[in-house]
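**Student:** For reference, the structure I am asking about is given below.
The values are calculated or read from the model by the stated rules, or taken from the named source; none is laboratory data. Quick caveat: nothing in here was measured; it's all calculated off a predicted structure. Every residue, glycine as well, gets a Cβ built from its backbone with ideal geometry; the counts of neighbours run over all protein chains shown.
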Amino acid sequence: MAVHFPFGAAETLTLSATGAQALTVNNWLTYVDGVTTEATGNRTLNLTLGDELKVGARIIVAAKTNGTETTIAGTGATFVTVTGGAGKTKCFELVYTGAGFVATTGVIQID
């Protein structure tokens, strides 16, 4: 059994520039890094839910876009489609309900 946040480190998952993003979420706090690789096309977050997830597990998503690319909820997640702006970073949080991850915050532009 892995040591999860808050006793272990948060997990970081990195997005590619475009397309379907297959992410397996195992930790109780996960940072989805969509900033290091800026979006050049629309991205869909498809989440596979790990066996050790607990209700209340959190995901923080940060996505930077080249223009008006979108971040779209795919499997395992429910949130509004996030439309970017040229060179802008937008963040939001998701919480695990036992059935999937749902948005608990609005989308916030941080730059």
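Conditions tested, residue by residue: (1) without any contact (Cβ under 8 Å) to a residue 60 or more places away in the chain; (2) β-branched (V, I, T).
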residue	(1), (2)
V25	no, yes
Y31	yes, no
G50	yes, no
F79	yes, no
L94	yes, no
T97	yes, yes
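**Student:** Among A39, A57, which is the only one that is closer than 18 Å to F101 by Cα, more than 12 Å from the chain's Cα centre (by Cα), crowded, with 20+ Cβ neighbours inside 10 Å and not polar (S, T, N, Q)? Step through it out loud before you land on a result.
**Tutor:** Values: A39 fails: closer than 18 Å to F101 by Cα.
Unique residue meeting the criteria: A57.
**Student:** Condition first: among the hydrophobic types (A, V, I, L, M, F, W, C), assigned to a loop (DSSP other than H, G, I, E, B) and buried (at least 19 other Cβ atoms within 10 Å of the Cβ). Now tell me which residues in region 13-29 satisfy that. Quick ask: steps written out before the conclusion?
**Tutor:** The first filter runs over region 13-29 and keeps only residues among the hydrophobic types (A, V, I, L, M, F, W, C), leaving 13, 15, 17, 20, 22-23, 25, 28-29.
Applying the additional criterion that residues be assigned to a loop (DSSP other than H, G, I, E, B) yields 15, 17, 28.
Across region 13-29, the qualifying residues are L15, W28.
**Student:** Looking only at region 78-87, decide whether some residue is closer than 17 Å to S16 by Cβ and assigned to a loop (DSSP other than H, G, I, E, B).
**Tutor:** Going through region 78-87, the residues closer than 17 Å to S16 by Cβ turn out to be 82, 84.
Filter again for assigned to a loop (DSSP other than H, G, I, E, B), leaving 84.
Scanning region 78-87, I find at least one residue that is closer than 17 Å to S16 by Cβ and assigned to a loop (DSSP other than H, G, I, E, B), so the answer is yes.
**Student:** Answer with yes or no whether I72 is more than 18 Å from D111 (Cβ to Cβ) and either modelled with pLDDT of 95 or more or crowded, with 17+ Cβ neighbours inside 10 Å (or both).
**Tutor:** Values: more than 18 Å from D111 (Cβ to Cβ): yes; either modelled with pLDDT of 95 or more or crowded, with 17+ Cβ neighbours inside 10 Å (or both): yes.
So I72 fits the description; yes.
**Student:** Check region 47-60 and report whether any residue there is in a strand (DSSP E or B), touching a strand residue (DSSP E or B) at 6+ places or on another chain (Cβ under 9 Å) and of a type in the set (S, T, Y). Talk me through it step by step, then tell me what you get.
**Tutor:** Pass one, region 47-60, residues in a strand (DSSP E or B): 47-49, 58-60.
From the residues that got through so far, the ones that are touching a strand residue (DSSP E or B) at 6+ places or on another chain (Cβ under 9 Å) too are 47-49, 58-60.
If we keep only those that are of a type in the set (S, T, Y) as well, we get 48.
Scanning region 47-60 turns up at least one residue that is in a strand (DSSP E or B), touching a strand residue (DSSP E or B) at 6+ places or on another chain (Cβ under 9 Å) and of a type in the set (S, T, Y).
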